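Coordinate-derived values only; no laboratory data. Since we're looking at a predicted model, the values are computed, not measured. Here the Cβ positions follow ideal geometry from the backbone for every residue, glycine too, while neighbour counts run over all protein chains shown.
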Amino acid sequence: MKTKSNVFVCLLMGLMLMFTSSCQKDADPDPEPQTISDENFYGQIGGALVRCYNDIYNQNLAGKPTGAQNITANGPMGGTVVITGSDSFDDTHGITSTNLIFTMTNVNYTLTTTTTSGKSCITHVTLTGATTHTGSFSDSYTSVNHQSENIHIVGSVTFDGTTRNIDQTGEVSINRSSTTSVNIFGYVVAW
């Protein structure tokens, strides 16, 4: 009887040892999929919006007569934009002032930036809706705001083989001075 209980104990210990020592992993698990952080994602989207709005202004209004505006034009990289409102230029101080609305239909814009490590980040947006372009600026001064109550943004940010998409409608505000603050659908970034 003693032999049977010793065999049972040995068998039980062997099974326990097998379960605790044989479950080692031979290789590291798959790495976590790379993601684009909210800060980087909304910062890149915000940067693309600022550049798009600047290009709309520069391509259609810079160097042209100021005053009341009612222009239908192509977006910088496709789509249509209707520019209404007014702008003015102060010759004495070299300051341009704007009180404009850009009403955009499928306005496309792509922005490529390069990180300090030399990697490219590609941001593409398609915009439908209206935004303001109000404030003033000169060669050395900027105080411009863009406010959109119901803009639709479809697009993506691609960095280092990872892509993050956006397809959303809502409120977007951008305040530009010596710094830029962007609120896209409630997420705020600044630079």
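Using alpha carbons only, how many angstrom separate the centre of segment 49-107 from the centre of segment 122-178? Distance between centres, Cα-based: 15 Å. When you restrict to C-alpha pairs under 8 Å that are six or more residues apart and normalise by the size of segment 35-190, the relative contact order lands at 19 percent.
Given Ser117, Val144, Tyr57, which one lies farthest toward the positive end of the charge dipole of segment 35-190, if we put +1 on the Cβ of every Lys and Arg and -1 on the Cβ of every Asp and Glu? Result: Ser117. Phi angles of segment 185-191 translate, via the Karplus equation with coefficients 6.51, -1.76, 1.60 and θ = phi - 60°, into HN-Hα couplings of 6, x, 9, 9, 9, 8, 8 Hz per residue; Gly and Pro are given as x. By the beta-carbon count within 10 Å of each Cβ, the least crowded to most crowded order of Thr123, Thr110, fewest first, is Thr110, Thr123.
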